Amino acid sequence: MIKAIGVNTKDLEIVKGSDFQLKAEYMYDALQLSSAISVHDAHKAASEVVKLGDNPKLSGLIYPIMQALDEQYLDVDAQLGGTDQRKIMVLARENLPKIGHKKRIEIMNPLVPGLIGKKMSSSDPKTKIDLTDDEASVIQKIKNAECAEGNPDNGIMAFLKFVIMTIKHDKKESFMIERPIKFGGNVSFKTYEEVEKAFVDKKIHPLDLKTAVAKEINNLLTPIRKEEKALSALAKEAYS
């Protein structure tokens, strides 16, 4: 995924949690934080990330404490996450200084809603696009996605806004919707706002929009699929 979006991985360092989370100093800090944070605040911080239920496991309340400490032990300047991580980030900023560690910069990006319903679900493949989905699966999922004519409040438009049009802007490219001449012919857009206005004004049919979005997603996934096939072949050879 990182390679596919053009990130230079030369200076990228991947660190596993087990590389530092089992060390004595980390566990000592975890105990210190657990004495500084109330059960109420830990529950509040974890509520949007961990499935707690009416009788939550203690591990769900430890989770935000560990995520806060990860900032210190990864020695990072900033943490990037979705808006669902906001309460954990607030907990980290408020409590790390209590045990002698500095506050970090917290950066959040919007969460793209599911293709069906308001939220993506890892247990329901119809609500999301997997990085390893083949071309036909992407087309079918986008075809079945909720996208009422004239209403921009859906997963298709959100993905277009936060992913596709962001990439198009960075590459100085336009977003193209291909249509037969009898339905108005091809039309291109430089900004998301232009697309949204045309969609709200019902100048773009949902099916045409879906076709264009599915094409763009498949273009994004093509290099990931190639990398995944290479890794799968390597794993198969290693363990056969």
Task: Tally, over the range 175-203, of residues that are closer than 25 Å to Leu131 by Cβ and touching a Lys or Arg at 6+ places or on another chain (Cβ under 7 Å) - done: 2
Task: Matching helices (runs of 4 or more DSSP H) fully within the range 139-240 where at least 3 residues are at pLDDT 95 or above and in contact with a strand residue (DSSP E or B) (Cβ under 7 Å, 6 or more places away or on another chain) - done: 206-239
Task: First in the range 174-192 and aromatic (Phe, Trp, Tyr), second anywhere and assigned to a loop (DSSP other than H, G, I, E, B), Cβ under 9 Å, 6 or more apart - done: Phe175/Lys190; Phe175/Thr191; Phe183/His205; Phe189/Ser174
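Mind listing whichever residues of the range 45-75 are small (Gly, Ala, Ser) and without any contact (Cβ under 8 Å) to a residue 12 or more places away in the chain?
Applying the first criterion (small (Gly, Ala, Ser)) to the range 45-75 yields 45-47, 53, 59-60, 68.
Within the range 45-75, Gly53, Ser59 qualify.
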- [ ] Working only within the range 147-163, note down all residues that are of a type in the set (Phe, Trp, Tyr) and on the phi > 0 side of the Ramachandran plot.
- [x] none
Open item on the list: Suppose we keep only residues that are surrounded by 13 or more Cβ atoms within 10 Å (Cβ to Cβ) and polar (S, T, N, Q) within the range 131-150. Which one would you say is farthest from Leu220 (Cα to Cα)?
Closed with: Gln140
Task: Which listed residue is within 30 Å of Glu227 (Cα to Cα), over 22 Å from the mean Cα position of the chain (by Cα) and either of a type in the set (Ser, Thr, Tyr) or at pLDDT 95 or above (or both), from Ser59, Ser18 - done: Ser18
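The values are calculated or read from the model by the stated rules, or taken from the named source; none is laboratory data. Because the structure is a prediction, the values reported are computed rather than measured. Glycine also receives a Cβ, built like all others from the backbone with ideal geometry; neighbour counts cover every protein chain displayed.
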